[in-house]
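K.L.:
So that we are looking at the same thing, I have put the structure below in structure tokens.
The values are calculated or read from the model by the stated rules, or taken from the named source; none is laboratory data. Fair warning: this is a prediction, and the values are worked out from it, not measured in the lab. Note: ideal-geometry Cβ built from the backbone for every residue, glycine included; neighbour counts use all protein chains shown. Areas reflect the complete protein model, heavy atoms only, side chains present, ligands, DNA and RNA absent. Shrake-Rupley method; radii C 1.70, N 1.55, O 1.52, S 1.80 Å.
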Amino acid sequence: MVIEQEATPKVDESLEKNINEQNISEGISQPNKGVGSLLGKDIEALKAVLGDPSRVDLSAYGFHWWIFNKADDQYIQAGVLNGKVVTALGTGQSVNVEPFKIGQPIEEIFSLNVIEPDVTFEYNGSSYKFELSEQDMNNRPIIKMGEYFIQLYIDKYTGSVSSIRYLDKETLIKQRPYEMVYRGTLVEPPELSEGDWVRIEAGTEKQILDITNVIRVRHELKQLEWDEKTAEVAYAHSKDMAVEDYFSHESEKYGDLSERLKAADVLYEVAGENIAANYTDAPAVVEGWLNSESHREALLNEEFTHLGVGVYRKHYTQNFLKSWEQ
């Protein structure tokens, strides 16, 4: 799997202090309905639109993810910081992601919108410039939406929109999904305690399950059931990769997937594994797997019935199973 590295911010003293002239256009207007309309809303307004969340997960960027996963064909994560929605993600066939649509051809989007290879803006007196690679432009372009931004995740195998993320300037800076240069004071993600990471990892694991199942429904496949013992195997592998500083399906200590499942007394007919490292969060890593041929095959394998996910810091493991017929 091609690992999406976190961009290392660089100071650029030549970056113009007044950058408004470089990016005069405010791009797309913020919609009045749908996931994009949630940006800037307070908690009561969010609940008025979506109701109570299924759960609330801590993120690595200071906000909490409010998870709305009650429909098979609609999934929303809304990031709330200081009582306001600062980011939101939508996927699923029936989710409203105005002004776009899930499944919309990328050619149509490029023909109707100006999508630049770099995004430049000011925030709290500092200047920031994000530079997109050719792969970024094709797989996850970004578009201005007034004071906010829209990040589109493109399924390169279908050439269509798979999910859409909306985010404010501060969240974009904290997450740094692209190469970034800046001038001034850099906004940093919060320092995280051991307890914070335990909560983040647990939430991310369930988000990966949720998003995986929404994508499987989109492809007319059965949803996967959570398997706790398999999740423990996946977590152990993610932690082993992080601590021992390697990236492989095979561990020197614990062997390959079949050996690790056998040691945990997990019974199965068929098994598969996806791994990744250094992705921003759950939506980013699942979309990364979807755009990698071998990982996509596991994600969309019609034989699999169960899934265990293990996340340790920024290392991710999915273990798929076909359970024994009862």
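K.L.:
Please report, in whole Å³, the volume per residue of the convex hull around the C-alpha atoms of segment 215-301.
P.N.:
In segment 215-301, the Cα hull volume divided by residue count equals 108 Å³.
K.L.:
Calculate, in nm to one decimal, what residue 219 and residue 98 gain on full extension: separation in residues at 0.36 nm each, minus their alpha carbon distance.
P.N.:
41.4 nm is the gain from fully extending residue 219 to residue 98.
K.L.:
Taking the Cβ-Cβ separation of residue 228 and residue 259 as r and a Förster radius of 22 Å, what is the calculated FRET efficiency to the nearest 0.05?
P.N.:
Given R0 = 22 Å and the Cβ-Cβ separation, E is 0.65.
K.L.:
Contour minus end-to-end for residue 301 and residue 126, with contour as 0.36 nm per residue of separation and end-to-end as the Cα-Cα distance?
P.N.:
Extending this stretch completely gives an extra 58.3 nm.
K.L.:
While we're on this one: Would you kindly state how much longer the chain becomes between residue 118 and residue 267 on full extension, computed as 0.36 nm times their sequence separation minus their alpha carbon distance, in nm to one decimal?
P.N.:
Extra length available between residue 118 and residue 267 comes to 48.7 nm.
K.L.:
Let me ask you something else. Express the relative contact order of segment 214-272 as a whole percentage, based on alpha carbon pairs under 8 Å and six or more residues apart in sequence.
P.N.:
Result for segment 214-272 is 26 percent.
K.L.:
Provide the per residue accessible area, probe 1.4 Å, for segment 37-80, rounded to a whole number of square angstrom.
P.N.:
Here the per-residue accessible area is 39 Å².
K.L.:
Can you give the helix-only mean residue ellipticity at 222 nm for the chain, where every DSSP H stretch with n ≥ 4 adds -39500 (n - 2.57) and the sum goes over all residues, rounded to the nearest 500 deg cm²/dmol?
P.N.:
-8500 deg cm²/dmol
K.L.:
Starting with the highest mean, order 106-119, 241-254, 298-311, 69-82 by the number of other Cβ atoms within 10 Å, averaged over the residues of each peptide.
P.N.:
298-311, 69-82, 106-119, 241-254
K.L.:
So, in nm, how far is label residue 73 from label residue 45 when the simple model puts each one 7 Å beyond its Cα toward the Cβ?
P.N.:
A separation of 3.0 nm, rounded to one decimal place.
K.L.:
With everything on Cα atoms, drop me the angle between helix 228-244 and the longest principal axis of the chain, reported from 0 to 90° to the nearest 10.
P.N.:
60
K.L.:
Something else now. With r defined as the distance between the Cβ atoms of residue 32 and residue 111 and R0 fixed at 30 Å, what FRET efficiency is calculated, to the nearest 0.05?
P.N.:
The pair residue 32/residue 111 has a calculated efficiency of 0.80.
K.L.:
Give the angle, between 0 and 90 degrees and rounded to the nearest 10, that separates the Cα long axis of helix 194-218 from the longest principal axis of the Cα atoms of the chain.
P.N.:
90
K.L.:
Here is a follow-up. Once you place label points 7 Å from the Cα toward the Cβ at residue 250 and residue 10, how far apart are they in nm?
P.N.:
For residue 250 paired with residue 10, the spin-label model returns 3.7 nm.
K.L.:
With a probe of 1.4 Å, find how much accessible area segment 132-208 has per residue, and write the answer as a whole number in Å².
P.N.:
Result: 37 Å² of accessible area for each residue.
K.L.:
I'd like the carbon and sulfur percentage of the solvent accessible area for segment 160-264, probe radius 1.4 Å, heavy atoms only, ligands and nucleic acids excluded.
P.N.:
Of the solvent-accessible surface of segment 160-264, carbon and sulfur hold 46 percent.
K.L.:
Given Cα pairs under 8 Å that are at least 6 residues apart, what percent is the relative contact order of segment 66-152?
P.N.:
With pairs under 8 Å counted, the relative contact order is 14 percent.
K.L.:
Please pull out the direction-averaged projected area of the chain, using the convex hull of its alpha-carbon atoms, in nm² to one decimal place.
P.N.:
Convex hull of Cα atoms, orientation-averaged projection: 16.8 nm².
K.L.:
To continue, here is another question. Taking R0 as 30 Å, what FRET efficiency do you get between residue 243 and residue 56 from their Cβ-Cβ distance, rounded to the nearest 0.05?
P.N.:
After rounding, the FRET efficiency stands at 0.55.
K.L.:
Out of all DSSP beta bridges in the chain, what portion is antiparallel? Express it as a percent rounded to 5.
P.N.:
Given both bridge residues lie in the chain, the antiparallel proportion sits at roughly 95 percent.
K.L.:
Over the chain, what is the mean sequence separation of C-alpha contacts under 8 Å (at least six apart), divided by residue count, expressed as relative contact order in percent?
P.N.:
Relative CO of the chain lands at 19 percent.
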